[in-house]
Amino acid sequence: MSGLLAIDVGTQSARAIIFDRHGEILARRQVHIEPYFSRQPGWAEQHADVYWDAVGQACRGLWETEDPASISGMSLTTQRATMLCIGADNRPLAPAIVWMDKRQVNGMAPVGGLWGLAFRALGLRSTIASFQAEAPANWLLKNAPEIWAKTEKYVLLSGYLGFQLTGEWLDSSASQVGYLPFDYKQQCWSADSDWKWQALPGIRRAQLTDLVSPGQPMGRLQAEAARHLGLPQGLPVIAAAADKACEVLGAGCVEPGQACLSFGTTATINTCVPRYVEVEKFIPPFPAALPQAYNTEVQIYRGFWMVSWFKRQFADREQRIADERGISAESLFDELLEQVPAGSMGLMLQPYWSPGVREPGPEAKGAIIGFGDVHTRAHIYRAILEGLAYGLREGAEKIEGRSAKLHTLRVAGGGSQSDGAMQLTADIFGMAAQRPHLYETSALGAAINTAVGQGLYADYPSAVAAMTRIGEVFEPQPDAVEIYDRLYRCVYRKMYARLQPLYREIQNITGYPA
């Protein structure tokens, strides 16, 4: 039986997974990696070889039980917006700047000409200035000119790993999520007249990879990579997409009314639409893993990272018990949820643990209101998950305002393994929350790209029908739905507008966030 190999390089691990043509996992290996190291406060970097070595280790682990000759094709999906500078010898000039990096640059010349006039008229000058300040390429141009001057290729992690696989500087058009001169509407590099070239003055077209659509050939596995991975030389490598886009496809969400919630480090709600739709004005949709389609993504930047934050700050007891039992502390957290009723007895959390761009804006902060003497850390934990679900429901309403009414809710990502999180999500949305038949939806989406690219299925609808299905379903509980709906409408939806002036005062007084 031939297998489809998907390599999924996330923030905390690299996974190599073999799927059959029915979307079932035949074998899986995972290698954990350090998400980043910091040479300066706010920096987040990682050596490129850490990723490549982890990919090799994960793949070679598969062949302890599987036959590498059985693999018919492979694909790659990675974390988004992690950037590398590559020198003339095709080696990295410096560590990768990971997507969580917080460095910014000031003093970039504003976009001028007709674009500048248009941005001023539309009230977007601060948004464009924020884009310029947060772009790693601009920071490198100003603060590491010796590196930038030697940069022959400026690529995403997906482009670097793709080169390692094939020896070709190609990347998927559906992986281009970041501060790049990319035209999201046409899903290609921006035209010479586009404002992004002014906003990113150091980037040259020659520094960027060529792009191919998801499901199209990227090349074949070169000899050195074949030895590193333990695979046959010449194996077809098929373009997939960025991890969130693959997750949407792997969850089977290919119609506008189907929403995919991702309970990952960054929590998101996504739909897949056939036309370009800006859910928030002037914030583009991202390319989907479905060719020439778009993901209407709304994200909560720190998302289920907040569970890790709670674990570090409040879960010493669970960690001790977990260590004694040889299990993860997170597996005990559902017991905390069960101790607290829906609504957390009035404890409400706004999950803006990191600032945003527009709504929330750069002044945004997290908030917890409604404390009383009855509240415990169990209430705080439930309030965190409820706050994330409220934020995603707000994102769903924005999507519905610009696209179709949602009728399906599928939940993927690490947090979806919690039954308690699934149930409160169903209750807050007032909709059944469906868990896909397997957890590895991002890798499955990449495998679907491979299956269609290799002609195992004639098109994406038939591949999705054959390779995705629903696992457990959590139905909304009417009493909880009523409580959550009132709290959402009467409290949560009003919190940001009421607190925003105070956030600005905090920023003015303390200088944080900068």
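Structure notes:
- Accessible surface, 1.4 Å probe, highest first, among residues Asp49, Asp334: Asp49, Asp334
- Euclidean distance between Cα centres, the range 102-145 to the range 299-376, Å: 34 Å
- Solvent accessible area, Å² - Trp99, 1.4 Å probe, full protein context: 50 Å²
- 3J(HN,Hα) along the range 49-64, derived from phi through the Karplus expression 6.51 cos²θ - 1.76 cosθ + 1.60 where θ = phi - 60°, amounts to 5, 4, 5, 5, 5, 5, 4, x, 4, 5, 5, 4, x, 5, 7, 5 Hz, with x in place of Gly and Pro.
- Carbon and sulfur %, accessible surface of the chain computed with the full protein complex present, 1.4 Å: 51 percent
- Simple spin-label estimate for Arg120 and Ile369 in nanometres, 7 Å along Cα-Cβ: 3.8 nm
- For the range 1-155, the share of DSSP beta bridges that are antiparallel, to the nearest 5, is 75%.
- For the range 190-252: relative contact order, % (alpha-carbon pairs under 8 angstrom, 6 or more apart): 26 percent
- Computed extension length for Ala458-Ala144: 108.2 nm, one decimal, from 0.36 nm per residue of separation with the Cα-Cα distance subtracted.
- Accessible surface of Phe286 - all protein chains present, 1.4 Å probe, nearest 10 Å²: 40 Å²
- Listed as lacking a disulfide-compatible partner in the chain: Cys59, Cys85, Cys188, Cys246, Cys272, Cys490, by the criterion of no other cysteine Cβ under 4.7 Å.
- Beta bridges assigned by DSSP with both partners in the chain are antiparallel in approximately 70 percent of cases.
- Summarised as an ellipsoid, the chain has semi-axes of 34, 30, 22 Å, derived from the eigenvalues of the Cα gyration tensor scaled by 5 and square-rooted, with the largest first.
- Kirkwood estimate for the range 182-267, i.e. one over the average of 1/r between Cα atoms, Å: 16.4 Å
- Normalising the average separation of contacting C-alpha pairs (under 8 angstrom, six or more residues apart) by the number of residues puts the relative contact order of the range 206-328 at 19 percent.
- Computed over the chain, relative contact order equals 15 percent, with contacts defined as Cα pairs under 8 Å that lie 6+ residues apart.
- Approximating the spin labels as points 7 Å out from Cα along Cα→Cβ, the Thr376-to-His407 distance works out to 4.4 nm.
- Note on the range 170-276: with charges restricted to the Cβ of Lys and Arg (+1) and Asp and Glu (-1), its dipole about the Cα centre is near 100 debye.
- Geometric descriptor of the range 1-135, per residue, is 181 Å³ (volume of the convex hull of the Cα atoms).
- Centre-to-centre, using Cα atoms only, the range 488-514 and the range 1-62 are separated by 38 Å.
- For Ile327 and Arg204, a Förster radius of 45 Å and the Cβ-Cβ distance give a FRET efficiency of 0.30, rounded to the nearest 0.05.
- One Cα centroid belongs to the range 426-486, the other to the range 220-237; the line between them spans 32 Å.
- Directionally averaged projected area (the range 285-411, Cα convex hull): 10.3 nm².
- Orientation-averaged projected area, Cα convex hull of the range 78-185 (nm²): 7.8 nm²
- Legend: residues Asp194, Asp459, sorted from most to least accessible area (1.4 Å probe; ligands, DNA and RNA excluded), read Asp459, Asp194.
- Counting only protein heavy atoms and using a 1.4 Å probe, the accessible area of Ile509 comes to about 130 Å².
- Listed cross-link partners Lys142/Lys398; Lys102/Lys311; Lys196/Lys494; Lys365/Lys398; Lys102/Lys405; Lys153/Lys405 are compared with a 32 Å cut-off, the Cα-Cα value being larger for Lys142/Lys398; Lys196/Lys494; Lys102/Lys405; Lys153/Lys405.
- Near Val111, no amide H atom lies under 5 Å from its own; only residues 5 or more places off or on other chains count, and H is placed 1.01 Å from N.
- Once the 1.4 Å probe is applied to the protein heavy atoms, the range 308-352 comes out at 53 Å² accessible per residue.
- When Arg486, Arg15 are compared by accessible area of protein heavy atoms, the largest-first order is Arg486, Arg15, using a 1.4 Å probe.
The values are calculated or read from the model by the stated rules, or taken from the named source; none is laboratory data. Everything numeric here is computed off the predicted structure, so don't read it as measured data. A quick note on method: Cβ atoms are made from the backbone with ideal geometry, for glycine too, and the neighbour counts reach across all protein chains shown. With ligands, DNA and RNA removed, areas are computed over all heavy atoms of the protein, side chains included. Shrake-Rupley method; radii C 1.70, N 1.55, O 1.52, S 1.80 Å.
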